[in-house]
Every structure is written in C-alpha cells, then in structure tokens.
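Asker: Please find one structure pasted underneath; my questions will follow.
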Amino acid sequence: MKASKIMASGLLIILLASFRSDSLPKEFSSLLDRAKLIFTPTEGMIATKCIENEQMNYEYALKYNDNNFEVRYAIRPMDSLLAQYEREKTKGALVINPNKWSISAFEATLLNIAIGGENSGELPKYSFFDSAAVKSEFNADWGATAFVNIGRQFGGEKYKYCNVIIIHKDFVGDAYFFYVSDKKEGMSDLMEKPFHSLRFM
C-alpha cells in the first residue's frame with residue numbers, strides 16, 4: 001500500500017515537472033510571473049496554436065483532441081501601468097488608478113469579440129462572481145463572466161461560441177479565460193477541468 005502511494009506521488013511530481021514554467025512558451029511564462037499567477041495544466045488537454053486576430057490577442061491555448069473546444073489565456077499584468085501611474089502622480093498629473101480600468105477593458109473585450117457587439121455598440125450581458133467565492137477559488141479581488149457568439153476573426157473556422165471569464169487582483173493584473181466551442185451543448189462540462197487552471201498567488 002505504501003509503495004503504491006509513493007509511486008503515485010512520484011508520478012504526480014514527474015507530471016507537474018513536465019509542465020514547469022520553462023516548458024511553457026516564454027512570453028506566456030513571463031506574463032504569468034509578472035501577474036503573479038500559478039498555472040496548473042489540465043489533464044487531457046494539449047497546447048494548440050494561437051489564432052492571430054485583431055479582436056483579442058491571447059498568449060496560450062489548450063484543446064481536447066476529441067472535441068472542437070479550446071481554452072485560451074490572455075494575461076494582462078499591471079506592473080508597467082502602475083509604474084507609469086506613480087510617475088505621473090508624482091508630477092501632479094490627474095491620472096486614473098489602473099485598478100479602475102479592468103472593468104472597462106473587460107467590457108471592451110466583450111464588444112470586440114461578440115458578433116454585432118462592436119458594430120451595434122450594445123454591450124453583451126455579464127455577471128460578477130460572488131466575492132467570497134472568487135477570493136477562495138482564484139485568490140482574486142473580483143471576477144466576471146459572459147457568454148457571447150463570436151465571429152470568424154476571433155473564432156476562426158471552427159468556433160462560434162465563447163464563455164469569457166476575467167479574474168482581477170488589485171495592483172497585480174488581470175487574467176482572461178476564453179472557452180470557445182462549435183456548439184453550446186456540453187460546454188459547461190468541458191469547462192469544468194480547466195476552470196481553475198489559473199490562480200493568483
């Protein structure tokens with residue numbers, strides 16, 4: 001019994017070691033460090049190529065082999081914005097604290113990726129997570145989610161639907177999860193495994 005436990009522990013360590021930050025793309029790994037985020041790989045998902053688009057850049061994506069489903073990650077550290085804010089403040093300039101920008105940035109992202117959003121100016125509906133839950137599950141100060149239909153630029157040829165999640169930590173940064181799929185049915189089940197793949201330290 002003890003031997004099997006030791007073997008299982010050893011396998012877990014090997015698995016986690018294979019997903020150290022140095023095995024992730026350099027840019028993504030650097031952004032994780034700057035935004036003080038812990039990335040946990042999702043069993044059964046593999047890295048896939050990011051789609052270049054003008055609606056929302058992201059740095060890393062995972063997919064299931066047997067489903068048209070991806071989770072895309074966009075990390076937005078706040079370190080450089082805070083440094084600029086402090087510089088401007090010392091000059092006596094009237095500047096907005098970068099922590100106040102995150103909700104507006106989230107709304108702009110929804111408008112950019114949603115079909116009709118940018119053209120109609122109609123903001124897709126979104127809802128905030130319970131503050132205690134988002135603190136417990138992501139160590140974030142707040143988080144929000146929205147479900148949108150997406151066009152071919154952000155969705156590519158495969159994907160039509162996206163569940164967007166943002167988590168924010170004051171004075172640290174934002175992390176976006178984009179769960180994209182070709183169908184609505186079963187999306188929530190596919191989201192379950194990678195749902196906690198990012199967490200603030």
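Asker: Ranked highest first by the average count of other Cβ atoms within 10 Å around their residues, in what order do 157-164, 101-108 fall?
Answerer: Going by the mean number of other Cβ atoms within 10 Å, highest first, we get 157-164, 101-108.
Asker: Using +1 at the Cβ of each Lys and Arg and -1 at the Cβ of each Asp and Glu in the stretch 77-201, identify which of Phe154, Leu190, Leu82 lies farthest towards the dipole's positive end.
Answerer: Positive-most Cα among the choices belongs to Leu82.
Asker: Just grab the label-to-label distance for Ala108 and Glu43, each label 7 Å out from Cα along the Cβ direction, in nm (one decimal).
Answerer: Label-label distance for Ala108 and Glu43, simple model: 4.0 nm.
Asker: Which trypsin sites (Lys or Arg not before Pro) in the stretch 22-82 sit in a loop by DSSP (not H, G, I, E or B) and have at most 10 other Cβ atoms within 10 Å of their own Cβ?
Answerer: Lys49
Asker: Using amide H atoms built in the peptide plane, which far-off residues or other-chain residues are under 5 Å from Tyr60 H to H?
Answerer: Here the answer is Tyr73, since their amide H atoms fall under 5 Å of that of Tyr60.
Asker: Which cross-chain or sequence-distant (5 or more) residues have an amide H under 5 Å from the amide H of Asp141, H modelled 1.01 Å from N in plane?
Answerer: For Asp141, the qualifying residues are His168, Lys169, Asp170.
Asker: Of the GluC sites (Glu not before Pro) in the stretch 34-70, which ones lie in a loop per DSSP and count no more than 10 other C-beta atoms within 10 Å?
Answerer: Hits after loop and neighbour filter: Glu43, Glu52, Glu54.
Asker: Same structure again: For the stretch 29-91 and the stretch 151-175, compute the distance between their C-alpha centroids and round to whole Å.
Answerer: Distance between centres, Cα-based: 10 Å.
Asker: Taking N as the number of residues in the stretch 23-200, what is its alpha-carbon radius of gyration divided by 2.2 N^0.38 Å?
Answerer: 1.04
Only the coordinates and a few stated rules stand behind these numbers; no lab work does. All figures in this text were calculated on a predicted structure; none of them were measured in a lab. Using ideal geometry, Cβ is built from the backbone for each residue, glycine included, and neighbour counts are taken over all protein chains shown.
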